[in-house]
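Novice: Please see the structure below; I have some questions.
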C-alpha cells in the first residue's frame, strides 16, 4: 500500500472512531489534533491532495503512529515533479558546508536578512554568499519571490558518502565543530567520542544504525514549530578506521 493511502486510511479510521464516541467530532477537530490546515486535511481525506513529509510526521507524532509508520518509509516520499531532489556530489550545487546552513536559515526565517548581515553571521564573504544563493536558485532549491524574499522549494537533499565533494563538505562541518567548542558554552552542545574494535564485515550494519539515528534526529527537527527554532545545530558523524589489526 502506498504511504499516502495508508495515512489516509489511518486518519479515516481515527475520525470514525472519534465520531463513534462523540457524534459532533468533525474533520476540523481532527485537523486541530494533528495540527494541519483544515482545508488541506479535508482534501487529503477525499483523495484530492497528498500530504508532504512534514505533515505526515506531524500525524505520526500526534497520533503516536511510530510503529505503524516507520520513519524510513516516511522520509522516502518522492518530491513532486516541480521539486528537484539533489545529490550532494553535484559539485555545481553543493560546494561548501554553509550551503546546508543556508537551507535551514532561509527555511526558518520568514524574511531573509540583508546579505551583508547574513554573510557576517555565517562567517563568509558576500561574494561567497551570492554564489551559493545563485547555485541554489538555479538548482531549483531556492526561489526568489517578487518581494525579494527567498523561499525553500526543496529540502530533499540526498547525501552520498562515497563522493569527493561529500568529504570536502564533511571536513567543513568538522572544522565548524572544532570552532563551536571554543565559541559556545558547553551547556549548549553535546560532545561524544568512541573508539571500538569491530568485525569489518559488519560495517554495513553500523552504517544502517547511524542512518536510523540521523533520520530520527531529522524527524524531531521537522516536527518542531518553526517559530520556536532559535539555533541551528550541526551533527557531523565520522565512523572511520583508525588502525588495521591484521597488517
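The values are calculated or read from the model by the stated rules, or taken from the named source; none is laboratory data. The structure displayed is predicted, hence computed values, not measured ones. Reconstructed Cβ throughout: ideal geometry from the backbone, glycine too, with neighbour counts over all protein chains shown.
Novice: Sort through 96, 92, 66 and tell me the only one that's at pLDDT 50 or above, loosely packed, with under 15 Cβ neighbours inside 10 Å and in a loop (DSSP other than H, G, I, E, B).
Specialist: None of the others qualify; the one that does is 66.
Novice: Can you pull out the residues in region 9-36 that are touching a helix residue (DSSP H, G or I) at 6+ places or on another chain (Cβ under 7 Å) and in a loop (DSSP other than H, G, I, E, B)?
Specialist: Within region 9-36, 25, 35, 36 qualify.
For (1) at pLDDT 70 or above; (2) buried (at least 17 other Cβ atoms within 10 Å of the Cβ); (3) within 20 Å of the chain's Cα centre (by Cα), each residue gets a yes or a no:
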site	(1), (2), (3)
110	no, no, yes
114	yes, no, no
145	no, no, no
156	no, no, yes
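Novice: Looking at region 217-247, which of the residues that are in a helix (DSSP H, G or I) and in contact with a helix residue (DSSP H, G or I) (Cβ under 6 Å, 6 or more places away or on another chain) is modelled with the highest pLDDT?
Specialist: If we take residues in region 217-247 being in a helix (DSSP H, G or I) and in contact with a helix residue (DSSP H, G or I) (Cβ under 6 Å, 6 or more places away or on another chain), then 219 is modelled with the highest pLDDT.
Novice: OK, next. Quick one: how many residues across region 45-58 are under 25 Å from residue 216 (Cβ atoms) and in contact with a helix residue (DSSP H, G or I) (Cβ under 8 Å, 6 or more places away or on another chain)?
Specialist: Going through region 45-58 one residue at a time, the tally reaches 8.
Novice: When the residues of region 37-58 are narrowed to those that are in a loop (DSSP other than H, G, I, E, B) and on the phi < 0 side of the Ramachandran plot, which ends up surrounded by the most Cβ atoms within 10 Å (Cβ to Cβ)?
Specialist: 51
Novice: Residue check, residue 141 against (1) more than 30 Å from residue 183 (Cβ to Cβ); (2) modelled with pLDDT of 60 or more, all met but one. Which one?
Specialist: The number of the failed condition is (1).
Novice: Specify the residue that is nearest to the chain's Cα centre (by Cα); the eligible residues are those in region 3-44 that are closer than 26 Å to residue 217 by Cα and free of Cβ contacts under 8 Å to residues at least 12 places away in the same chain.
Specialist: 37
Novice: Select from region 179-207 the residues that are surrounded by 10 or more Cβ atoms within 10 Å (Cβ to Cβ) and either outside any loop (DSSP other than H, G, I, E, B) or at positive phi (or both) and list them in ascending order.
Specialist: If the condition is that a residue be surrounded by 10 or more Cβ atoms within 10 Å (Cβ to Cβ) and either outside any loop (DSSP other than H, G, I, E, B) or at positive phi (or both), then 179, 180, 181, 183, 188, 200, 203, 205, 206, 207 are the ones that fit.
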